[in-house]
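Structure first, then comments.
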Amino acid sequence: MSVPAPAHLATLFSSDSGALRLTVPFLAEGVRLHQPCFLVGSGQAVEQYRRHLDLDHGVTVVQFGGATAAEAIARWEEMLATARAKGPTVIRVVGEMAEERRMFASEEEMFQYEQAYDVMCKRYPMVTLCQYDVRQFDGVALLQALKAHPDLFDFRSGAFLN
């Protein structure tokens, strides 16, 4: 599926294999095309990607560690400006949201970040896939995730359910 930039999309998955179905090829293509690629996550999620991608060459792993939504957005602004300064290209981002939730003081803070990120990313030629493991979030959180990703409704959303 072709997705025009900018786009901020949510994927929902319920199995370990489903977690990687869209995001590994998405990042691998970005690496192949020498596009800036970012993976937001830690721990086991990053290790899953490491088994399929060479994260040391072409993918920047991002962690926030106790940041507020405003601090995380400020950090993104710096990273994206640096990536953009290297020339016109598409920037690819994958966010492992169960891991990102641990990087904020609360789930509410994470969703404030998601809303601010949605506004910020529209200024850059980027495509972001925010991965939601439905085994890790309750129904209210998943509804918030859908609301924070209005770009998803421009596509057949079934393609983003893994």
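Every number in this text was worked out from the coordinates using simple rules, so none of it is lab data. Please read these numbers as outputs of a predicted model, since none were measured by experiment. Cβ: placed from backbone, ideal geometry, glycine included. Neighbour counts: every protein chain shown.
Ranked highest first by average number of other Cβ atoms within 10 Å, how do 56-63, 98-105 line up? Provide the component values of the computation, followed by the final result.
Working: 56-63: 14.8, 98-105: 18.4.
Highest mean packing first, the order is 98-105, 56-63.
So, in Å, what gap is there between the alpha-carbon centers of region 1-33 and region 105-151?
Answer, in whole Å: 15.
Taking a ≥ b ≥ c as the square roots of the Cα gyration tensor eigenvalues, with a/c under 1.5 meaning rounded and otherwise prolate when a/b beats b/c, else oblate, which class fits the chain?
rounded
Search the structure for amide H atoms under 5 Å from the amide H of LEU39, placed 1.01 Å from N in the peptide plane, and list their residues when 5 or more places away or on another chain.
THR60, VAL61, VAL62, VAL94
What size of dipole, in debye to the nearest 20, comes out for region 9-151 about its Cα centre when the only charges are +1 on Lys and Arg C-beta atoms and -1 on Asp and Glu C-beta atoms?
480
For a quick check: sort LYS122, LYS86 by the number of other beta carbons within 10 angstrom, fewest at the front.
LYS86, LYS122
Between rounded, prolate and oblate, where does region 31-75 land on the alpha carbon gyration tensor, with a ≥ b ≥ c its root eigenvalues, rounded for a/c under 1.5, else prolate if a/b exceeds b/c?
oblate
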